[in-house]
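Report on the following structure.
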Amino acid sequence: MQNEIFLLTCNSYKNSTHDLDFIRLATAEFEKCPNISIDYAVMEKAKKVAVIPVDIGWSDVGSWQAIADSTPQDENHNSLIGDVETLHTKNCYINSNHGLVTAIGVQDLIVVALKDAVLIANKNNAQDVKELFEKLKKKKRAECNSHTKVLRPWGSFEAIDVAERFKVKRITVKPKASLSLQMHNHRAEHWIVVKGTAFVTCGNHEFILSEDQSTYIPLGKKHRLENRGHIPLEIIEVQTGNYLGEDDIIRFSDIYGR
């Protein structure tokens, strides 16, 4: 059958890494796998195949139309999720993950509102989302590769505001979790504790910050943020500098092996 795919997949899994509850396959090995569907790779070459009829209402939910069809609908055949209000609206799927969405006098639409992007599509064109995504990738839109809220082994961070030379984040650190000992070459950081207690390392100094207290992490200074408490730690981080990309991190030690 497809021994090459099998061996490459096994090697990719063998060299995989763990991130939260995810197993991330080794990219180098996995990308070597031939791009071929199971129909051609396995089924057309199989000599012993049995087909059993069964009625289980199967749907692979592979499109927004399929998601709309599997979601409860109101008397106007609308699927409304989140903070949504409609008037004279029919046969729409509207999902608001951020803020109030209102619709008046429309029909057959798919509307998905996230914090960083909004999708509006006619249900008849739901399959064209992939084509639009490829167009955005060619324009190197950051939304194709990152979300406003990013999960990490120690917790999460969410971008609140971004502009030239500054970025504001909300950082949540799980109890008994710790960020890496790290340094930045292009940015300084201001931390304000809004919930919990932070154990901070900044250069040769170690200290504790309680709610409503803050500290300044200068550019080029080794630092670490830890939550040694029993409740989640939440801080507001204000970054300033000429480059604020997530790749501006030099790690010196990390309990998660990154």
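Projecting the Cα atoms of 227, 144, 197 onto the dipole axis of the stretch 120-250, where Lys and Arg carry +1 and Asp and Glu carry -1 at the beta carbon, places 144 farthest toward the positive end. Using 0.36 nm per residue and subtracting the Cα-Cα separation, the extra length available between residue 120 and residue 38 on full extension is 26.3 nm. At 0.890 mPa s and 25 °C, plugging the Kirkwood radius over alpha-carbon pairs of the stretch 149-253 into Stokes-Einstein gives what diffusion coefficient in µm²/s? Stokes-Einstein gives a translational diffusion coefficient of 180 µm²/s. Remark: spin-label model distance residue 91-residue 168 equals 4.4 nm, labels positioned 7 Å along the Cα→Cβ axis.
Take 233-239, 200-206 and order them by the average number of nearby Cβ atoms within 10 Å per residue, most first; the result is 233-239, 200-206. Charge dipole of the chain (Cα centre as origin; +1 on each Lys and Arg Cβ, -1 on each Asp and Glu Cβ, all else neutral): 940 debye, rounded to the nearest 20. ³J(HN,Hα) across the stretch 227-239 via Karplus (A = 6.51, B = -1.76, C = 1.60, θ = phi - 60°), whole Hz, x for Gly/Pro? These are the phi-based 3J(HN,Hα) values: 10, 8, x, 10, 10, x, 9, 10, 10, 9, 10, 10, 9 Hz. Farthest towards the positive end of the charge dipole of the chain, among the residues 33, 185, 172, is the Cα of 185, using unit charges on the Cβ of Lys, Arg, Asp and Glu.
The share of C-alpha pairs in the stretch 64-138 whose separation exceeds 15 Å stands at 53 percent.
Packing here is the average count of other Cβ atoms within 10 Å per residue, and on that basis the peptides 161-169, 189-197, 111-119, 245-253, highest first, run 189-197, 111-119, 161-169, 245-253.
Tell me the mean residue ellipticity at 222 nm calculated for the chain from its helices only (DSSP H runs of n ≥ 4, each -39500 (n - 2.57), averaged over every residue, nearest 500). Intermediate results must be reported in sequence, preceding the final value.
Working: 5 runs with 36 residues, N = 258.
Per the formula, -3500 deg cm²/dmol.
If R0 is 30 Å, the Cβ-Cβ spacing of residue 176 and residue 243 corresponds to a FRET efficiency of close to 0.40. Per-residue Karplus couplings for the stretch 112-125, computed as 6.51 cos²θ - 1.76 cosθ + 1.60 with θ equal to phi - 60°, are listed in order as 10, 10, 10, 5, 10, 7, 10, 9, 10, 9, 6, 4, 5, 10 Hz, Gly and Pro entered as x.
How charged is the neighbourhood of residue 192? Take every other residue with its Cβ under 9 Å from the Cβ of residue 192, and add Lys/Arg as +1 and Asp/Glu as -1. The partial results should precede the final answer.
On the way: positive: none; negative: 212, 237.
Summing Lys/Arg as +1 and Asp/Glu as -1 gives -2.
As an exercise, use a Förster radius of 22 Å and the Cβ-Cβ distance of residue 71 and residue 147 to find the FRET efficiency, rounded to the nearest 0.05. Intermediate results must be reported in sequence, preceding the final value.
Numbers: r = 22 Å, r/R0 = 1.00.
FRET efficiency, residue 71 to residue 147: 0.50.
Output the relative contact order of the chain, whole-number percent, from Cα pairs under 8 angstrom with separation of 6+ residues.
Working: 466 pairs, mean separation 31.8, N = 258.
Taking the mean separation of contacting Cα pairs over the length of the chain, I get 12 percent.
For Cα extents along the principal axes in Å, the value computed from the atomic coordinates appears in the list [x] 122, 44, 32; [y] 65, 43, 35; [z] 68, 57, 39 under label [z]. Each label was represented as a point 7 Å from its Cα along the Cα-to-Cβ direction; for residue 14 and residue 222 these points are 3.6 nm apart. For the peptides 123-129, 75-81, the ranking by mean Cβ contacts within 10 Å, running from highest to lowest, is 75-81, 123-129.
For the stretch 192-199, backbone phi angles converted through the Karplus equation (6.51, -1.76, 1.60; θ = phi - 60°) give residue-by-residue couplings of 10, 7, 10, 7, x, 10, 10, 9 Hz, Gly and Pro being listed as x. Summarising the label geometry, the points placed 7 Å from Cα in the beta-carbon direction at residue 46 and residue 26 lie 2.9 nm from one another.
Explain nothing, just the number: relative contact order of the stretch 141-258, from Cα pairs under 8 Å at least 6 residues apart, as a whole percent. Spell out each step's value before the answer.
On the way: 285 pairs, mean separation 38.9, N = 118.
Contact order relative to length: 33 percent.
When Rg and the Kirkwood radius Rh are both evaluated on Cα atoms of the stretch 212-254, their ratio Rg/Rh stands at 0.96.
FYI, it's all coordinate maths here, none of it is from the lab. Treat the numbers as computed from the prediction; the structure is a model and nothing was measured. Positions of Cβ are backbone-derived with ideal geometry, glycine not excepted, and every protein chain shown enters the neighbour counts.
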